[in-house]
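Accompanying notes for the structure given below.
Derivation of every value follows stated rules applied to the coordinates shown; laboratory data play no part. Just so it is clear, the model here is predicted, and its values are computed rather than measured. Every residue, glycine as well, gets a Cβ built from its backbone with ideal geometry; the counts of neighbours run over all protein chains shown.
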Amino acid sequence: MIERISRRAFLKLSGAVAGALAIPFRRASALDVDRLGRVTVSWIGLYSEPSFSAPQRALIERDSILTLLERLLADDGPAYNPVWYRIADGFVHSGYIQPVRWDLQRPRADFSDEGALFEISVPFTRTYREPSAQSDPLYRLYYQSLHWVEALEEGEDGRLWYRIVDDLLHLPYHARAEHLRRIEADEITPISPDVPSHEKSIEVSIAQQEMMAFEGDRIVFRTRISSGVPDRDPDGGNGIPTDTPTGRFYIDKKMPLRHMGDGHLTDNLEAYELPGVPWVSFFHETGVAFHGTYWHCNYGRPSSHGCVNMRPEEAKWLFRWTNPPIEHDVHMETGYGTVVHVY
């Protein structure tokens with residue numbers, strides 16, 4: 001839903017601007033008309049042109065689902081991420097738009113009592129304490145986040161629900177079964193397992209906001225990332241620095257998912273709770289890791305609490321490529337793994 005400007009901070013904003021676009025931009029690869037995007041923060045601006053300096057037409061609230069008509073690379077930037085989307089009423093910057101799909105699933109019960117790994121396959125789904133939309137609401141789970149399902153249950157309304165166990169709080173909650181997709185074994189088979197472990201290495205440049213994976217001297221993967229934002233209040237929080245540590249490390253623990261944040265059971269969408277962070281490869285004793293990110297797409301700019309944020313599909317590739325390898329439907333694997341250089 002698009003909310004027309006009514007908040008105090010935007011009372012003086014002008015309306016839509018008529019006429020041709022004043023800011024030049026290059027047309028890039030066009031998107032399918034049914035491609036969707038989810039707003040990942042409290043609100044973003046809708047602009048008359050693909051530029052933050054253009055008049056702002058409206059605010060678009062968190063979890064609004066937008067039809068992305070076209071992808072544009074704007075000369076006006078910002079330089080670290082010049083990607084904008086054209087939607088029906090104007091333009092939105094891509095930094096806080098998560099590309100999503102609506103892919104309903106057939107419920108599955110072919111897994112053991114220990115549970116199985118599932119991925120959210122719709123833009124978002126609400127969870128509840130019991131298998132009923134009339135029970136207490138809890139987290140929203142977002143597209144491409146991962147979760148441990150331990151049972152398929154039928155609710156009082158006859159609908160099927162998955163019982164999810166939270167990996168941090170060790171508490172159950174429920175989500176509609178058609179909103180989760182089973183992760184199959186062949187999706188996480190190791191990549192390049194024949195390459196000796198000592199020939200695999202990772203380099204992360206904080207200055208360039210870039211990650212490179214090497215096999216020997218050959219780059220086999222390269223992408224933009226978001227590293228940690230230095231803590232402006234080092235005496236606050238939990239005392240753990242929020243900038244990404246530099247040095248030489250090793251991946252020593254891998255988990256297909258991790259609930260990150262404050263660890264509170266809540267239905268507050270503004271709370272710092274990130275259940276189901278996908279494809280987590282830890283390399284530092286304070287819990288710093290490579291992982292997929294479903295709450296922003298602002299790669300090329302520091303944005304994290306210390307971890308290396310990546311697109312979920314890229315974090316999945318890294319998860320499969322690095323050592324130690326991890327088997328299907330395993331909660332955690334430890335070992336002396338792939339070397340990581342951060343500088």
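Shown for segment 189-342 is the translational diffusion coefficient from the Stokes-Einstein equation, using the Kirkwood radius over Cα pairs, a temperature of 20 °C and a viscosity of 1.002 mPa s: 135 µm²/s. Taking the centroid of alpha carbons for each part, segment 151-214 and segment 233-307 are 15 Å apart.
Please check: in the Gaussian network model of the chain (C-alpha springs, under 10 Å), which one of Gly37, Gly261, Gly95 has the largest mean-square fluctuation. Top of the fluctuation ranking is Gly261. Scoring 137-145, 57-65 by mean Cβ neighbours within 10 Å over their residues and listing the highest first yields 137-145, 57-65.
Among the lysines of the chain, pairs that are 8 or more positions apart or on different chains and have alpha carbons within less than 20 Å of each other number 5. When Asp186, Asp166 are sorted by how many other C-beta atoms sit within 10 angstrom of their C-beta, beginning with the fewest, the order is Asp186, Asp166. Within the shell defined by Cβ-Cβ distances under 14 Å, the residues around Arg224 carry a net charge of -1, with Lys and Arg each +1 and Asp and Glu each -1. Peptides 117-123, 309-315, 151-157 ranked from most to least packed give 117-123, 309-315, 151-157, packing being the mean of other C-beta atoms within 10 angstrom over each peptide's residues. Computed over segment 116-183, the P(r) curve from all C-alpha pair distances, binned at 5 Å from the origin, holds 4, 20, 33, 28, 13, 2 percent per bin.
If both residues of a DSSP beta bridge must be in the chain, then about 90% of such bridges are antiparallel. Each of Asp75, Asp231 has some number of other Cβ atoms within 10 Å of its Cβ, and from fewest to most they run Asp75, Asp231. For the chain, taking the reciprocal of the average inverse distance between every pair of different Cα atoms yields a Kirkwood hydrodynamic radius of 21.5 Å. Counting only other residues whose beta carbon sits under 9 Å from that of Glu333, what net charge do I get with K and R as +1, D and E as -1? Local charge sum for Glu333: +1. Put a plus charge on the Cβ of each Lys and Arg, a minus charge on the Cβ of each Asp and Glu, and nothing anywhere else: the dipole of segment 189-342 about its Cα centre is then about 400 debye.
Counting Lys and Arg as +1 and Asp and Glu as -1 over every other residue whose Cβ lies under 12 Å from the Cβ of Asn298, the net charge comes to +3.
Relative contact order of the chain: 15 percent, from C-alpha pairs under 8 Å at least 6 residues apart in sequence. With helices as the sole contributors, the chain gives -1000 deg cm²/dmol at 222 nm; each DSSP H run of n ≥ 4 counts as -39500 (n - 2.57), and the sum is divided by every residue.
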